[in-house]
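The block underneath contains the structure these notes are about, expressed in structure tokens.
The values are calculated or read from the model by the stated rules, or taken from the named source; none is laboratory data. Worth saying up front: this structure is predicted, and the values here are computed from it rather than measured. Backbone-built Cβ (ideal geometry, glycine too); neighbour counts: all protein chains shown. Surface accessibility is based on the protein's heavy atoms, side chains included, excluding ligands, DNA and RNA. Shrake-Rupley method; radii C 1.70, N 1.55, O 1.52, S 1.80 Å.
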Amino acid sequence: MPLAKRIIPCLDVTNGRVVKGVNFVNLRDAGDPVEIAKRYDEQGADELTFLDITATSDNRDLILHIIEAVAAQVFIPLTVGGGVRAVEDVRRLLHAGADKVSINTAAVFNPQLVKDCSDRFGSQCIVVAIDAKQTVWGAAPKWEIFTHGGRKPTGLDAVEWASRMQDLGAGEILLTSMDRDGAKIGFDLNLTRAISDALNIPVIASGGVGNLQHLADGVRMGGADAVLAASIFHFGEYTVEQAKQHMREQGIEVRL
Amino acid sequence: MTDQNNADGVDVAIIDYGMGNLLSVSKAFEHVAPLADIVVTADPAVIAAAKRVVFPGVGAMPDCMRELAARGLTEAIKQAAANKPFLGICLGMQALFAHSEEGDSAGLGLLPGNVRLFPAEAMQDADGSKLKVPHIGWNQVYQGTEGENRHPMWAGIEDGARFYFVHSYYAEPADPSMVAGFTHYPFAFTCAVARDNVFAVQFHPEKSQAAGLRLLANFVTWEGNQR
């Protein structure tokens with residue numbers, strides 16, 4: 001029996017609360033991060049990802065306290081991202097109980113940070129988050145890296161960028177389609193497949209999940225090693241266990 | 001050598017050599033053994049006096065060996081592994097062997113065998129799909145032996161239970177009799193070894209929910225010296 005495909009609920013955290021919006025705006029309160037983390041753990045989540053979307057630096061330490069509290073009660077892998085700019089940020093998050101740290105915008109402006117962090121802490125704990133938007137359609141589609149919540153183009157080709165991040169020591173890629181994020185119409189499967197086929201490291205598909213079939217499609221059609229979703233779990237539409245049952249019915253290996 | 005039953009020693013010493021998710025390991029032990037005295041320490045005297053020792057670790061093998069030497073912990077680990085129940089986790093398992101392909105690095109040499117990189121040419125599933133390296137996620141652990149021969153560390157854990165892995169290298173023991181668990185990716189590799197006081201695992205029990213917590217609970221009561 002092979003390695004299980006992972007389901008990873010994502011918690012967007014700001015000012016100590018879990019929130020969810022559409023395309024990073026219209027944020028709704030979804031609850032207390034520790035309570036939500038415990039609920040997902042009980043439902044059989046394979047990992048949890050926390051994205052600190054706090055805009056200002058004053059409340060950044062809140063995420064450290066949240067991770068400490070979660071790590072004392074939830075014994076599955078925890079990934080934390082958002083606002084990671086320096087080796088010291090990674091060290092502090094790992095010290096607070098994070099198992100992996102996700103680097104996003106900082107990698108674009110300073111790719112060496114990915115190498116420095118993977119050299120220092122090991123590839124296994126360095127996730128590079130990629131926000132991509134489709135820019136070329138048709139037979140040879142292309143996707144470009146965007147920063148600042150999908151607002152700023154960088155001119156970087158997503159597939160080439162992902163390969164470069166792998167070469168610099170990323171242990172995993174967290175791939176978000178900015179076209180799909182919050183739209184609930186499913187992952188960008190072509191993008192997911194293009195990146196997964198190009199890399200030897202695991203790819204986590206993100207952005208666009210609206211129902212359980214979308215999760216299964218991400219694995220079977222997109223070739224994702226793990227699927228990440230937020231809103232379908234936060235507001236009680238589906239449990240993680242239901243998602244796994246649905247995937248298993250389609251022949252996908254899951255941990256149940 | 002310090003007496004392993006020293007009444008002043010802590011119940012569980014978790015070795016701190018500057019690498020690894022020490023907080024996760026200590027929190028998990030606190031959860032399964034709330035009354036036990038559990039410390040994260042880099043002090044060889046504390047390790048020598050402890051009743052049980054945990055050697056955790058994530059990161060790269062050459063860094064691990066360098067940090068152990070720089071902190072004067074190499075000898076303390078060798079003594080602990082010989083004298084008291086000793087649990088190696090992930091890099092803390094790999095470092096017990098003679099050699100690792102990671103950075104062409106010598107290990108502690110407490111167990112015969114080598115640590116190898118998952119070979120790129122073999123990383124395909126039965127249906128031909130590519131298998132990624134690092135091997136990340138929940139995979140099934142088979143306990144190798146049945147009935148009375150089953151190692152006491154597996155008590156209460158189903159054969160084939162899933163544990164959380166994250167690694168690119170795996171141990172290849174020279175002596176098959178020390179294999180206490182294996183996993184398929186895609187070939188069978190050794191994910192647990194046992195010899196005398198030592199039990200070591202490639203996966204992360206502290207991140208493997210109920211099955212992992214049970215393994216840690218078993219360690220807190222395991223007396224070692226058993227096969």
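A few notes on this one:
Per-residue answers, yes or no, for (1) out of contact with any Cys (no Cβ under 6 Å at 6 or more places or on another chain); (2) open to solvent by 10 Å² or more (accessible area, probe 1.4 Å); (3) of a type in the set (Ser, Thr, Tyr):
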residue	(1), (2), (3)
A:Glu47	yes, no, no
A:Leu51	yes, yes, no
A:Leu64	yes, yes, no
A:Ala71	yes, no, no
A:Ile76	yes, no, no
A:Gly81	yes, no, no
A:Ala86	yes, yes, no
A:Arg92	yes, yes, no
A:Lys100	no, no, no
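- Index of the failed condition, B:Met178 passing every other in (1) more than 14 Å from chain A (Cβ to nearest Cβ); (2) at negative phi; (3) at pLDDT 95 or above; (4) in contact with a Lys or Arg (Cβ under 6 Å, 6 or more places away or on another chain): (3)
- Every residue from the stretch A:153-184 that is touching a Ser or Thr at 6+ places or on another chain (Cβ under 7 Å), hydroxyl-bearing (Ser, Thr, Tyr) and under 13 Å from A:Ala205 (Cβ atoms): A:Thr176
- Boolean, A:Leu174 is open to solvent by less than 60 Å² (accessible area, probe 1.4 Å), out of contact with any helix residue (DSSP H, G or I) (no Cβ under 9 Å at 6 or more places or on another chain) and closer than 19 Å to A:Ala198 by Cβ: yes
- Qualifying residue in the stretch A:111-129 (condition: of a type in the set (S, T, N, Q), in contact with a strand residue (DSSP E or B) (Cβ under 7 Å, 6 or more places away or on another chain) and open to solvent by 40 Å² or more (accessible area, probe 1.4 Å)): no
- Residue check, A:Thr135 open to solvent by less than 10 Å² (accessible area, probe 1.4 Å), assigned to a strand (DSSP E or B) and either within 14 Å of chain B (Cβ to nearest Cβ) or in contact with a Pro (Cβ under 9 Å, 6 or more places away or on another chain) (or both): no
- Single residue of the stretch B:154-175 satisfying the filter (out of contact with any Pro (no Cβ under 8 Å at 6 or more places or on another chain) and under 20 Å from B:Leu110 (Cα atoms)) that is farthest from the other protein chains (Cβ to nearest Cβ): B:Glu172
- The stretch A:236-256 - residue that is small (Gly, Ala, Ser) and exposed (fewer than 15 other Cβ atoms within 10 Å of the Cβ) and, of those, nearest to B:Phe163 (Cα to Cα): A:Gly251
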